[in-house]
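Peer 1: Have a look at this one.
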Amino acid sequence: MTGRDLHEDEILGKAYDAQLARRMLTFLRPYRWVVGFAFLCLLLEKGAELAGPMLIGAALDAAVLDRDLARLDRFALLFLGTVLFGFLFNYLQTLTVQQTGQRAMHDLRQTLFTHVVRQDVAFFDKNPVGRLMTRIINDVENLNELFSTGLVTFLGDSLTLVGIAAALLWLDWRLALLTFLVAPALFFLTAAYRRRARENYRESRKVLARLNAYLQEHISGMATVQAFGQEARTLDRFQEINTRYRDLLVRSVHYNAFFFPLVEVLSALSVGVVFAAGGWLAGAGGVAVGEVVAFILYVQRAYRPVRDLAEKYNIFQAAMASGERIVTLLDTRPTLVDPAVPRASAPFRGEVEFQRVSLEYVPGEPVLREVSFRVSPGEKVALVGATGGGKTSLISVLCRFYDVTAGRI
């Protein structure tokens, strides 16, 4: 296998491809009503989650400041109800999505294996067993991770951000505008993190593929390595690849160590701005104290979806790359196709005749050139020749594992 073949499976495309995403979502089509129910549960869960800060602010203004303990009890029970309500729909949504993802991936694995079984022998010459196993196991698992966690996280976090923005504007548009001033800095910070994380992730996947291939080749061929006394050279090369992989992972740790604390700093900065401006407005009677508290709680919650989306970015990358490879495999058609209406064969007499048969596995590189011979019924013929002379190829075309390039049998 060449160096290019070794790494081509790890080359990642766009983090999001709309056409490919629609193609992958067809795997969920048989479960569309279940998916719709899960999305409804997600909406209700996020609605209950967003109601919490509003209830706390209202309780502060209507009960705590007025020392109305009876109303405070009612607010406390109402808040507890939203928590239980959110828990219920979170449970239903998680259970539904996970079960649906497992069923869809079961169907996809079955489809892939059925498709592979129907391919001709030439297909397996071009696609090693390890690559096909990666398609059916690893790539399908990447899609499962997208459907079960990545997609739900994306939808849930997007709904949370939209809901928080609407709640902030509804509470006080002046404080909301102050909060939104941090958004450009957060946007550019996230874009820079994604770009660097993407480059590092691509490179680490390539090096990991090289590391796996090197281990598989040298462990399976350890007898040859030891026979030629190449242990030291093998260890040096492995250390080189292993060190490169370690350095890339450490670089990823550095990116995360810089990005996520900086997001926390921006979150604290936003809370500080809201606290100062909200306190001034509350002192002037322009806004209620409970609204300021609710505002601060919403601002704190707004940064959690940003962190989640950044963490799930690599999941989207891996899923898109896996989806592209799966779709490419499913779109591969056999070169040998049975006719729709097979022709009945005449009774066999046991006679075989090759008429100027030529065969090429690779275009331009013939392994058989205009081979002609005839074997009569009951006749015994021996095929003799050096390794690579074409003996197996003659039997392969006789069994029609391959179609001849020229001539006929």
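The values are calculated or read from the model by the stated rules, or taken from the named source; none is laboratory data. For clarity, every value in this text was computed on a predicted model and none was experimentally measured. Cβ atoms come from the backbone with ideal geometry, glycine included; neighbour counts cover every protein chain shown. Accessible surface is based on the protein model in full, side chains and every heavy atom, while ligands, DNA and RNA are left aside. Shrake-Rupley method; radii C 1.70, N 1.55, O 1.52, S 1.80 Å.
Peer 1: Kindly indicate the residue of the range 236-248 that is open to solvent by less than 80 Å² (accessible area, probe 1.4 Å) and not hydroxyl-bearing (Ser, Thr, Tyr) and also farthest from Ala191 (Cα to Cα) among those meeting that condition. Walk me through it before giving the result.
Peer 2: Restricting attention to the range 236-248, the residues satisfying the condition of being open to solvent by less than 80 Å² (accessible area, probe 1.4 Å) are 238, 241-243, 245, 247-248.
With not hydroxyl-bearing (Ser, Thr, Tyr) added as a condition, the list becomes 238, 241-242, 247-248.
Working: Phe238: 35, Ile241: 30, Asn242: 29, Asp247: 23, Leu248: 20 Å.
Out of the qualifying residues, it is Phe238.
Peer 1: For the range 373-389, give me each residue that is exposed (fewer than 11 other Cβ atoms within 10 Å of the Cβ), modelled with pLDDT of 80 or more and either more than 20 Å from Phe348 (Cα to Cα) or charged (D, E, K, R) (or both). Explain how you work it out, then say what you get.
Peer 2: Taking the range 373-389 first, the residues exposed (fewer than 11 other Cβ atoms within 10 Å of the Cβ) are 377-382, 384-388.
Now drop any that are not modelled with pLDDT of 80 or more, which leaves 377, 380-382, 384.
The answer is Lys380, Ala382, Val384.
Peer 1: Considering only the range 295-314, I want to know if a residue exists there that is modelled with pLDDT of 75 or more, among the acidic types (Asp, Glu), surrounded by fewer than 18 Cβ atoms within 10 Å (Cβ to Cβ) and touching a strand residue (DSSP E or B) at 6+ places or on another chain (Cβ under 8 Å).
Peer 2: no
Peer 1: Which residue out of Thr153, Thr160, Thr179 is assigned to a helix (DSSP H, G or I), in contact with a Pro (Cβ under 7 Å, 6 or more places away or on another chain) and not hydrophobic (A, V, I, L, M, F, W, C)? Explain how you work it out, then say what you get.
Peer 2: Numbers: Thr153 fails: in contact with a Pro (Cβ under 7 Å, 6 or more places away or on another chain); Thr179 fails: in contact with a Pro (Cβ under 7 Å, 6 or more places away or on another chain).
On inspection, the qualifying residue turns out to be Thr160.
Peer 1: Turning to a different aspect of this structure: Can you tell me which of Arg195, Arg205, Arg233 is assigned to a helix (DSSP H, G or I), modelled with pLDDT of 85 or more and either more than 23 Å from Ala277 (Cβ to Cβ) or open to solvent by 80 Å² or more (accessible area, probe 1.4 Å) (or both)?
Peer 2: Working: Arg195 fails: modelled with pLDDT of 85 or more; Arg205 fails: modelled with pLDDT of 85 or more.
Residue meeting the stated conditions: Arg233.
Peer 1: Quick check on Glu360: is it under 21 Å from Phe123 (Cβ atoms), of a type outside the set (A, V, I, L, M, F, W, C), touching a residue at least 60 places away in the same chain (Cβ under 8 Å) and open to solvent by 40 Å² or more (accessible area, probe 1.4 Å)?
Peer 2: It is false that Glu360 is under 21 Å from Phe123 (Cβ atoms), of a type outside the set (A, V, I, L, M, F, W, C), touching a residue at least 60 places away in the same chain (Cβ under 8 Å) and open to solvent by 40 Å² or more (accessible area, probe 1.4 Å).
Peer 1: Related question: Tally up the residues in the range 288-338 that are farther than 15 Å from Ser270 by Cα and part of a helix (DSSP H, G or I), please. Give the steps one after another, and end with the answer.
Peer 2: Going through the range 288-338, the residues farther than 15 Å from Ser270 by Cα turn out to be 288-291, 305, 307-338.
Remaining after also requiring part of a helix (DSSP H, G or I): 289-291, 305, 307-311, 313-330.
Qualifying residue count for the region: 27.
Peer 1: Another one. Do any residues in the range 384-409 that are of a type in the set (Gly, Ala, Ser) have Cβ atoms under 8 Å from those of residues that are surrounded by 12 or more Cβ atoms within 10 Å (Cβ to Cβ) and not in a strand (DSSP E or B), where the two are at least six apart or on different chains, and which pairs are they?
Peer 2: Close Cβ pairs satisfying both conditions: Gly385/Lys391; Ser393/Tyr402; Ser396/Val121; Ser396/Tyr402.
Peer 1: Next question, about the same structure. For the range 136-158, name all the residues that are open to solvent by 70 Å² or more (accessible area, probe 1.4 Å) and either modelled with pLDDT under 75 or touching a Gly at 6+ places or on another chain (Cβ under 9 Å) (or both). Break it down stepwise before answering.
Peer 2: Residues of the range 136-158 open to solvent by 70 Å² or more (accessible area, probe 1.4 Å): 137-138, 141, 145, 154.
Passing the criteria: only Glu145.
Peer 1: Would you be able to say whether some residue in the range 103-125 is surrounded by fewer than 13 Cβ atoms within 10 Å (Cβ to Cβ) and more than 30 Å from Glu217 (Cα to Cα)?
Peer 2: The answer is yes; a qualifying residue exists.
Peer 1: Going through the range 194-250 one residue at a time, which ones are of a type in the set (Gly, Ala, Ser) and within 30 Å of Arg307 (Cβ to Cβ)? Talk me through it step by step, then tell me what you get.
Peer 2: Filtering the range 194-250 down to residues of a type in the set (Gly, Ala, Ser) leaves 197, 204, 209, 213, 220-221, 223, 227, 229, 232.
Passing the criteria: Ala197, Ser204, Ala209.
Peer 1: Going residue by residue through the range 206-226, is there one that turns out to be touching a Phe, Trp or Tyr at 6+ places or on another chain (Cβ under 6 Å), of a type in the set (D, E, K, R) and in contact (Cβ under 8 Å) with a residue 60 or more places away in the chain?
Peer 2: No, there is no match, as no residue in the range 206-226 is touching a Phe, Trp or Tyr at 6+ places or on another chain (Cβ under 6 Å), of a type in the set (D, E, K, R) and in contact (Cβ under 8 Å) with a residue 60 or more places away in the chain.
Peer 1: Mind checking which pairs have a first residue in the range 131-155 that is in contact (Cβ under 8 Å) with a residue 24 or more places away in the chain and more than 22 Å from Gln216 (Cα to Cα) and a second that is open to solvent by 30 Å² or more (accessible area, probe 1.4 Å) and of a type in the set (Asp, Glu), Cβ under 6 Å, 6 or more apart or different chains?
Peer 2: Thr153/Asp308
Peer 1: Now, a different point. What are the residues in the range 344-357 that are open to solvent by 70 Å² or more (accessible area, probe 1.4 Å) and within 22 Å of Thr405 (Cβ to Cβ), if any?
Peer 2: First, the residues of the range 344-357 that are open to solvent by 70 Å² or more (accessible area, probe 1.4 Å): 344-349, 353, 356.
The answer is Glu353, Arg356.
Peer 1: From the list Thr335, Thr328, which one is over 30 Å from Leu159 (Cβ atoms), of a type in the set (Val, Ile, Thr), open to solvent by 60 Å² or more (accessible area, probe 1.4 Å) and touching a residue at least 40 places away in the same chain (Cβ under 8 Å)?
Peer 2: Details: Thr328 fails: touching a residue at least 40 places away in the same chain (Cβ under 8 Å).
Step by step, each of Thr335, Thr328 is checked, and only Thr335 is over 30 Å from Leu159 (Cβ atoms), of a type in the set (Val, Ile, Thr), open to solvent by 60 Å² or more (accessible area, probe 1.4 Å) and touching a residue at least 40 places away in the same chain (Cβ under 8 Å).
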